[in-house]
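Below: one structure, written as structure tokens.
What follows is calculated from the coordinates using simple rules that are stated; it is not laboratory data. Keep in mind that what you see is a predicted model, and the values were worked out from it rather than measured. Here Cβ is always computed from backbone atoms with ideal geometry, including for glycine, and neighbour counts include all displayed protein chains.
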């Protein structure tokens, strides 16, 4: 028996975004391009943030240490910043690894009938939430109005 999906706001936002991405990108090719663009934007932003933080706070190889800070609060802040920089370095390394794996995804090309199967499944997995039938069903199932009464 499947577990009931989480109803917290973060999970609900994820489910909506998940469904939107399927609806708006219902083919293998579109999903490939979307995944690649998301990965590249993540790498660009994380890489630039890491560069800026390393310029501002050192890259971990400098003589800047917690002992050099003037007080215990500043030493703790410096430790936290150095840990954040190390974490971002790890994230960037993982993103490069993911990029290498994703390049293999682009080697795959499928014929039009397979792309049509993707489109059909996308409609089943993530139907249009503004579809009138779905809105009516939501009102019946959840007894909450999706549209204001007119």
> Sorted from fewest to most neighbouring beta carbons within 10 Å, what does the list 97, 35 look like?
Replying inline: 97, 35
>> Suppose the chain between residue 106 and residue 119 were pulled fully straight at 0.36 nm per residue; how much longer would it get relative to their current alpha carbon spacing?
In response: 2.8 nm
>> 7 Å from Cα along Cα→Cβ at both residue 54 and residue 10: what's the point-to-point distance in nm?
In response: 2.9
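Among 101, 28, which comes first, second and so on when ranked by fewest other beta-carbon atoms within 10 Å?
101, 28
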>> Using Cβ counts within 10 Å as a stand-in for footprinting exposure, how do 87, 19 rank, fewest first?
In response: 87, 19
